[in-house]
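Here's the structure we're looking at; comments come further down.
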Amino acid sequence: MCHLFSDRYKFRTWRQLWLWLAEAEQVTRPGSVQIIAFQKLINFILLVLQTLGLPITDEQLQEMRSNLDNIDFKMAAEEEKQLRHDVMAHVHTFGRCCPKAAGIIHLGATSCYVGDNTLARVISRLADFAKEHAALPALGFTHFQPAQLTTVGKRCCLWIQDLCMDLQNLKRVQDELRFRGVKGTTGTQASFLQLFEGDHQKVEQLDKMVTEKAGFKRAFIITGQTYTRKVDTEVLLALASLGSSVHKICSDIRLLAHLKEMEEPFEKQQIGSSAMAYKRNPMRAERCCSLARHLITLVMNPLQTAAVQWLERTLDDSANRRISLAEAFLTADALLNTLQNISEGLVIYPKVIERRIRQELPFMATENIIMAMVKVGGNRQDCHEKIRVLSQQAAAVVKQEGGDNDLIERIQADPYFSPIHSQLDRLLEPSSFTGRAPQQVQRFLEEEVYPLLKPYESVMKVDQVFPSSHHWCDDGHLRCCEHSRVGMRKWAHLCWTWA
């Protein structure tokens, strides 16, 4: 991800776009067909270059191809210092190493011509966890107060469902992403119409060919000097939504770690606290919450930028988007890598979960006990009063004396309830209080999760949590170096193209 948003990748993308533009503008011999295969950004398809009528030679194009990676950053910096224009600085720098092609670089263009796999793995790992613990009863919480029972797997499905929505949102935004295309300074394509001597068909061909070469299915028909900045908003909204999901998941894990029911992975030599040696702080979950909050705030930048654009374009949209878009993807990348690490090593403590259920279940079971007494001939009102008195006494033991909930022992000691003493174990079986949670987990995974993950089967087989291009630094933060994902190149292209 860092590679995708690096200066080298950014400026190489600019050069690649200039090459594609020149190729699309090139004259080919009458009746000849030139087929060029590309695989840049996502999947570049074979394109047939048709005669468009401009004097561009194969030698010029080859010179540009040969120098795509030959970037003199020092020269570009010196040029920009003089010209105060980053794009023209790189036009001149590219032209310096391509003297034969210098005259056609950026021909007819404006500065605005250039300028989900880990998530699927996280969902897959959590789906495995949910399936394994689909029927394990756990105390539910509303308002962070004890509520009806659920299961560990069902609670995990709440997390998975949010992430599935995020995956679908990201895929939708990616599929609907459109190229600005070859539109000129105010979006009218006037300069290209002049180059092709009034031939509208050739201008449209040029736009279509460059769009396809860049890996996009569609281009905007209407633009100003840039594509509408609402596109940036759509992209960051999807990422911010992902951030909110991850924050909720990791907040839950932190709460459950406090209850000692669940923990994130904790290495043998890991230190939880420099002062308190016994501590096992949920550092990864806390890091995710921190990064998620930052990701959520970034969406305000494109929202404001889209709102304040003037007429065909103002330049106050440029510097900030290069920061916010890049930061959003880099943050999401680090966020998901850390969450993947957590999801692959979640630890649960069934005995602690069982003990907490035992503390609360007697109160929850009182209605079942009353019904059982009525079935053997007891009076409902008499039974209710008995249970009320015994429950108050048990609650006093728990709250005032710090003791365990002894309601069931009190019921067993009361002769009034002797007709159902033999049924108490069955009436207090935790699994009878989880409703259809196990069945819901199974149906959810089979009908919604597994079909959604099917296109990602190959990446979900990756065993290593962090590729070799990632490493943990001394400050405990994840760094991503020179690691690119094909699925993210189109997003980076959005940030680094001038549109």
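The values are calculated or read from the model by the stated rules, or taken from the named source; none is laboratory data. For clarity, every value in this text was computed on a predicted model and none was experimentally measured. Because the Cβ atoms are built from the backbone with ideal geometry, glycine has one as well, and the counts that use them run over all protein chains shown. Only protein heavy atoms, including side chains, enter the accessible area calculation; ligands, DNA and RNA are left aside. Shrake-Rupley method; radii C 1.70, N 1.55, O 1.52, S 1.80 Å.
Numbers for the structure displayed
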read-out	value
FRET efficiency estimate (nearest 0.05) - Cβ-Cβ, Met165 to His421, R0 45 angstrom	0.40
Net length gained if the chain between Phe363 and Ala190 were fully extended (0.36 nm per residue, minus Cα distance)	54.5 nm
Lysine pair count for the stretch 140-284 [Cα-Cα under 15 Å; pairs on different chains or 8 or more apart]	6
Taking the convex hull of Cα positions in the stretch 163-253, its mean projected area over all directions (nm²)	6.7
Per-pair calculated FRET efficiency, R0 = 35 Å: Thr314 and Glu78 via Cβ, rounded to 0.05	0.80
Sorted peptide list for 307-318, 197-208, criterion being average Cβ within 10 angstrom, highest first	197-208, 307-318
Label-to-label distance, nm, for residues given as Gln412 and Arg65 (7 Å Cα→Cβ offset)	8.4
Amide H within-cut-off set for Ala147, under 5 Å, with H built and near neighbours excluded	Gly140, Phe141, Thr142
Distance-filtered residues of the stretch 125-151 - backbone nitrogen under 17 Å, label point 7 angstrom along Leu255 Cα→Cβ	138-151
Phi to ³J(HN,Hα) by Karplus 6.51 cos²θ - 1.76 cosθ + 1.60 over the stretch 121-136, Hz, x for Gly, Pro	5, 4, 4, 4, 5, 5, 5, 4, 5, 5, 5, 5, 10, 4, 10, 7
Inter-label distance for Arg443 and Ala147, nm, one decimal - labels placed 7 Å from Cα along Cα-to-Cβ	2.0
Solvent-accessible ranking of Asp72, Asp414, largest area first, probe 1.4 Å	Asp72, Asp414
Estimated inter-spin distance, Val347 and Val374, nm [label 7 Å along Cα→Cβ]	4.7
